[in-house]
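To start, the structure itself, in structure tokens.
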Amino acid sequence: MDRSLLTLVLILQTGTFCRMETVTQIIGQRGGAVHLPAIVPPQFNTRDVFWRHLSPTDHLVASFSRGSVDTTYQSCFYRRVQLLHNFTLVIENLELKDTGLFTCQMVDTKGHMRLHRFHLTVYEVVVKPEVQVYTSRGTMGCSVFLACNTSTGSNVTYRWMTDTGQGQPLNRSYTLHDDSRLLNIILTPSDQEVSFTCIATNLVSQEETIIAPWTPCFIIQGKENINNIEEKVHEETMSQHNEEERGQEDRRLQNCDERILERETSV
């Protein structure tokens, strides 16, 4: 049994006093660093400090015992932790798997023990979301579906903001689906300046993207107009072509009649 674990066993066997603290929530972001503070009470003459990570298995991360600091324990935090002079644990280059429960067990020179508990949650940073636009023309206007999604980020929530183009929110109802990722609204020609902002956020970051969806509606309308024009041009071309064919047939018949008349006259 190693020295730090033996110390803890002896403390528990001798019935030393242990004061349990509430769990302190700590939030960090992937790749960043966090500080887990060990609060030393007044007149608490610290002799030993043991930092442990309990999720998913129990690992000793760092210790201080009789003036000596040790952070060389073989755990997933090896070479990523520091133990400061005030016994605060610093974890660097955070990873998502670092999420879990930490304990700080402090023992004074009289054998009294104090326990601090921390729950660390590591989040992936949100990146700028992408908004896809789907439109459909109808008798009531242009039906717009906006689909917002961020490629990375953990525990992401979505919300929308509207702007009439004059710095005021759009005074019109719209519907949200799929945890607010999808927005649906009917736009009319008076909404050409309207824009929508998708905001993706979690506890460590926030990004947003602005989209003005009237342009796709206009493109659809323009395509419809172009298609109508192309159909009319095609119809006119076919009509003109038919008239030319009828004219050629009339001239051919006329020439044939003239030749027959010449033969009869010469006879």
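The values are calculated or read from the model by the stated rules, or taken from the named source; none is laboratory data. Source: prediction; values computed, not measured. Cβ atoms come from the backbone with ideal geometry, glycine included; neighbour counts cover every protein chain shown. Note: accessible area is taken over every heavy atom of the protein model, side chains too, but ligands, DNA and RNA are not part of it. Shrake-Rupley method; radii C 1.70, N 1.55, O 1.52, S 1.80 Å.
Observations on the structure shown:
- Considered as a group, the residues in the range 107-164 that are outside any strand (DSSP E or B) and among the polar types (S, T, N, Q) include one that is modelled with the lowest pLDDT, and that residue is Thr139.
- Test result for Gln166, farther than 30 Å from Tyr73 by Cβ, touching a Phe, Trp or Tyr at 6+ places or on another chain (Cβ under 9 Å), open to solvent by 60 Å² or more (accessible area, probe 1.4 Å) and of a type outside the set (A, V, I, L, M): no
- Residue in the range 172-182 that is part of a loop (DSSP other than H, G, I, E, B), modelled with pLDDT under 85 and open to solvent by 70 Å² or more (accessible area, probe 1.4 Å) present: yes
- In the range 83-105, residue farthest from Gly153 (Cα to Cα) [restricted to those that are in a helix (DSSP H, G or I) and open to solvent by 60 Å² or more (accessible area, probe 1.4 Å)]: Lys97
- Taking the range 121-161 as the range and being surrounded by fewer than 17 Cβ atoms within 10 Å (Cβ to Cβ), under 21 Å from Gln192 (Cβ atoms) and polar (S, T, N, Q) as the test, the residues that pass are Gln132, Ser136, Thr139, Ser143.
- Verdict on Leu187 being more than 14 Å from Val144 (Cα to Cα) and over 19 Å from the mean Cα position of the chain (by Cα): no
- Pairing residues of the range 114-127 that are under 22 Å from Thr103 (Cβ atoms) and in contact (Cβ under 8 Å) with a residue 24 or more places away in the chain with residues that are among the aromatic types (Phe, Trp, Tyr) and open to solvent by less than 40 Å² (accessible area, probe 1.4 Å), at Cβ distances under 8 Å and at least 6 apart in sequence or on separate chains, gives Arg114/Phe44; Arg117/Phe102; Phe118/Phe102; His119/Phe102; Leu120/Phe102.
- Residues being surrounded by 15 or more Cβ atoms within 10 Å (Cβ to Cβ) and either over 14 Å from Thr24 (Cα atoms) or of a type in the set (Val, Ile, Thr) (or both) - total across the range 106-120: 6
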